[in-house]
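*Asks:* Pasting in a structure now, in structure tokens, and then I'll have a few things to ask.
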Amino acid sequence: MPTDTPPPAFPLRDLLGFELEMGDGSATATLDVTEMHINPHGSLHGAVPFTMIDTAMGAATMSVIAEDHFCSTIDITTRYLAPCRSGRITCVATVRRAGRRIAHLDAVVTTEDGTEIVAATGTFVIYPAPTA
């Protein structure tokens, strides 16, 4: 996918309300945390940054593979480092290495003041797009 192409439509991203920008081998997702993102304990629900990480990793992978290929998550390991209760969070995902079949990625989610709240590594499979 060329870097000047906007990310494809994705209803879950719209529901959660985060923005996504793709670059050459990286992607950035940003979200303004609202009450809808908070768990019953008053902190950001872990599924929210995880979804941002998974989506940004997929977008970063798509930015470095052939246009006639897709990718899918094999695994993502997340480490929740600090709570977040409000403000803007940013996830930056970066391709460490992309081969013909597998891509390895890193991601970090930070608050506005630079506090790392989640760190992750991921592996994605790369495969030809299905034909009709």
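The values are calculated or read from the model by the stated rules, or taken from the named source; none is laboratory data. Here the structure is a predicted model, which is why all the values come from computation and not from measurement. Cβ placement follows ideal geometry from the backbone for every residue including glycine, while neighbour counts extend to all protein chains displayed. What goes into the accessible areas is simple: the full protein's heavy atoms, side chains included, and nothing from ligands, DNA or RNA. Shrake-Rupley method; radii C 1.70, N 1.55, O 1.52, S 1.80 Å.
*Asks:* Considering only segment 107-132, state which residues are within 20 Å of V48 (Cα to Cα) and surrounded by 17 or more Cβ atoms within 10 Å (Cβ to Cβ). Give the derivation first.
*Replies:* Start the filter on segment 107-132 by keeping residues that are within 20 Å of V48 (Cα to Cα), which leaves 107-124.
Scanning segment 107-132 gives A107, V108, V109, T110, T111, I117, V118, A120, G122, F124.
*Asks:* Right, another one. Find all pairs meeting these conditions: Cβ atoms under 9 angstrom apart; at least six residues apart or on different chains; first residue within segment 111-132 and assigned to a loop (DSSP other than H, G, I, E, B); second residue open to solvent by 30 Å² or more (accessible area, probe 1.4 Å) and not small (G, A, S).
*Replies:* Between residues of segment 111-132 that are assigned to a loop (DSSP other than H, G, I, E, B) and residues that are open to solvent by 30 Å² or more (accessible area, probe 1.4 Å) and not small (G, A, S), the close pairs are E112/R88; E112/T90; T115/L81; A129/E67; A129/D68; A129/H69; A129/F70; P130/F70.
*Asks:* Looking for something free of Cβ contacts under 8 Å to residues at least 24 places away in the same chain and in a strand (DSSP E or B) - is there at least one such residue anywhere in segment 66-75? Explain how you work it out, then say what you get.
*Replies:* Our first condition is that a residue be free of Cβ contacts under 8 Å to residues at least 24 places away in the same chain; within segment 66-75, this holds for 66.
Add one more test, that the residue is in a strand (DSSP E or B), and what stays is none.
So far as segment 66-75 goes, no, none of its residues is free of Cβ contacts under 8 Å to residues at least 24 places away in the same chain and in a strand (DSSP E or B).
*Asks:* So, in segment 29-69, of the ones that are touching an Asp or Glu at 6+ places or on another chain (Cβ under 8 Å) and not small (G, A, S), which residue ends up farthest from C91 (Cα to Cα)? Even if it seems obvious, please write down each step before you answer.
*Replies:* Filtering segment 29-69 for residues touching an Asp or Glu at 6+ places or on another chain (Cβ under 8 Å) gives 29-31, 63-64.
Add one more test, that the residue is not small (G, A, S), and what stays is 30-31, 64.
On the way: T30: 6, L31: 9, V64: 18 Å.
Of everything passing the filter in segment 29-69, V64 is farthest from C91 (Cα to Cα).
*Asks:* Find all pairs meeting these conditions: Cβ atoms under 6 angstrom apart; at least six residues apart or on different chains; first residue within segment 16-43 and free of Cβ contacts under 8 Å to residues at least 24 places away in the same chain; second residue hydroxyl-bearing (S, T, Y) and outside any loop (DSSP other than H, G, I, E, B).
*Replies:* E19/T30; E21/T28
*Asks:* I'd like to know if segment 31-51 contains one or more residues that are open to solvent by less than 30 Å² (accessible area, probe 1.4 Å), within 29 Å of P130 (Cβ to Cβ) and either assigned to a strand (DSSP E or B) or among the aliphatic types (A, V, I, L, M) (or both).
*Replies:* Checking segment 31-51: not a single residue is open to solvent by less than 30 Å² (accessible area, probe 1.4 Å), within 29 Å of P130 (Cβ to Cβ) and either assigned to a strand (DSSP E or B) or among the aliphatic types (A, V, I, L, M) (or both).
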